[in-house]
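The values are calculated or read from the model by the stated rules, or taken from the named source; none is laboratory data. Computed from a predicted structure; not experimentally measured. Reconstructed Cβ throughout: ideal geometry from the backbone, glycine too, with neighbour counts over all protein chains shown. Each accessible area value is taken on the protein alone, full model and side chains, heavy atoms only, with ligands, DNA and RNA left out. Shrake-Rupley method; radii C 1.70, N 1.55, O 1.52, S 1.80 Å.
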Amino acid sequence: MSVLRQFWIANAAFILGTLVLSANATAQEPDWTKPYIGGQLGYSWDNIDVSSNPPGAFSNLGDFGGAIGGIQGGGNFIQQGGLVFGLVTDFNWLDGSAHASTSQSAMAIVDVCGDGCLEETTVESQTAVGLDLEWKASVRGKVGVLAAPNVLLYATGGIAFARLEANASQSTTVTTISPSQTTTSAGSDNAILTGFVLGAGAEVLVTPAIGVFAQVLHYEFETESLDLLGSTVNVDLDETVAMFGVSFYLN
C-alpha cells in the first residue's frame, strides 16, 4: 500500500472521528468567514533531477524526504450557500537533504618535482556534493464545499517559493610520487526556487474558533542553475507533502 494511500485512509478516519467528537460542539451552524492563524506538521517526499556541465557527482543525487512543519495565516472571505472561498499563506521549515560522492582515477601529465620534471602519473580525485532544502512558502487560494455545517472539503492552489542550498568539495591526489600531493577546493551556492502548488484537504471545526485539518499538496518548481567548482548545476525539483494542522479562528 502506497504512503499517500495510507495517508488518505488515515485522513478519512481522522475526519470521521472528529465528526463524532464535534457533533454537538456548536448549537448552531458555524460561521466560516473569519481570519485565522495556525500551524502544521507533516512529511515531504522530494523528487529531484540534477544535471551538470561538465558531468560530475551531482548526477548521482537521488530523491529524498524529511519532516516539515510551520505556520500559516489566512481567512475565508466569502460563504455562499455551501461554498466557501478564501486565501492562505504559509511558511514551512524542512529537514530534507541529498548527498552523493564519486571517486575516479586518471592518467595525467604532472610536474612531479616542481621544477619542470613532467611525468605521466596517476591522479585520484574525490568529489562530495550535497543539496539542502531549507524552507518553503506559498500563497494559495482556497475553494471549499461544506460536506456538513462544520466540515469543509477544499481544493487549493497558488504560487510557491523554496530556498535551496548546494555545496561541493573536491580533493585531488597524486599518489605515484613521494610524498603524495593533495589539493582541495570547496564551494557553495544557493537559490530561491519559484513555482506553483496544487492540493486538496479537509477541515473540521471542533469548536466555533478551532479547526483541525489534513491536506496533501504537490509542488512543482522551475529549473534553477547553480555554479559550483566550475560546473553549472541544473536542479529540477518537485515535491508532495502530507500535513495535519490546527487553525485558530479570530473573531
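Among the GluC sites (Glu not before Pro) in segment 158-229, which ones are in a DSSP loop with at most 14 other Cβ atoms within 10 Å of the Cβ? Mind listing them? Working shown, then result.
Values: sites: Glu165, Glu203, Glu220, Glu222, Glu224; in loops: Glu222.
Those that pass, being in a loop and sparsely packed, are Glu222.
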*asked:* Give me the net charge for the shell around Asp95: Cβ to Cβ below 10 angstrom, other residues only, Lys and Arg +1, Asp and Glu -1.
replied: -2
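Is segment 160-251 best put as rounded, prolate or oblate by its Cα gyration tensor, with a ≥ b ≥ c the root eigenvalues, rounded for a/c under 1.5, and otherwise prolate when a/b is larger than b/c, oblate when not?
On the way: a/c = 4.41, a/b = 3.17, b/c = 1.39.
Taking the square roots of the gyration eigenvalues as a ≥ b ≥ c, segment 160-251 is prolate.
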*Of all accessible surface on segment 138-251 at a 1.4 Å probe, what whole percent is carbon and sulfur?*
58 percent
